[in-house]
Amino acid sequence: MTGTDGTVPVVRRRVLVRGRVQGVGFRMSCARRARDLELGGSVRNRPDGTVEAVFEGPAGAVERMVDWCRTGPPLAHVTGVTVDDEVPAGVAEFAVA
């Protein structure tokens with residue numbers, strides 16, 4: 001869907017992924033997919049064993065990434081995902097922290 005001025009709406013979502021998500025290639029797989037979709041943001045391991053990702057870009061592409069996080073790469077076992085909306089910050093690159 002495009003806005004009245006022809007632009008595609010940009011959204012930003014922060015995703016917290018729980019389960020067996022560290023040591024299984026989650027961050028690298030996530031970054032590859034996000035870059036393929038031309039999204040900005042980042043992904044990082046947290047000390048509590050979860051993975052946190054931020055996706056920013058066209059709403060459809062962001063939703064595809066959020067959906068991907070519900071399963072992750074083949075060796076992951078996702079047991080829960082929390083998604084929070086945020087105000088877009090103009091981030092164009094995707095980083096692995």
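Tabulated data
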quantity	calculated
Selection count, segment 15-48, where residues are charged (D, E, K, R), without any contact (Cβ under 8 Å) to a residue 40 or more places away in the chain and on the phi < 0 side of the Ramachandran plot	5
Selected residue (only one of ARG13, ARG46 is surrounded by 16 or more Cβ atoms within 10 Å (Cβ to Cβ) and modelled with pLDDT of 95 or more)	ARG13
Residue pairs meeting the criteria (Cβ under 6 Å; at least 6 apart or on separate chains; first farther than 22 Å from ASP48 by Cα, in segment 59-87; second assigned to a loop (DSSP other than H, G, I, E, B) and among the hydrophobic types (A, V, I, L, M, F, W, C))	ALA61/LEU37; ALA61/LEU39
Test set (1) within 25 Å of THR7 (Cα to Cα); (2) of a type outside the set (Val, Ile, Thr); (3) buried (at least 18 other Cβ atoms within 10 Å of the Cβ); (4) under 9 Å from the mean Cα position of the chain (by Cα) - GLU63 fails condition number	(3)
Set GLY19, GLY41: member being at pLDDT 95 or above and either under 15 Å from the mean Cα position of the chain (by Cα) or assigned to a loop (DSSP other than H, G, I, E, B) (or both)	GLY41
Residue selected from segment 49-82 under the condition outside any helix (DSSP H, G or I) and of a type in the set (A, V, I, L, M, F, W, C), by the criterion farthest from VAL11 (Cα to Cα)	LEU75
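The values are calculated or read from the model by the stated rules, or taken from the named source; none is laboratory data. Being a predicted model, the structure only gives us computed values, none of them experimental. Note that we place each Cβ from the backbone using ideal geometry, even for glycine, and neighbour counts take in every protein chain shown.
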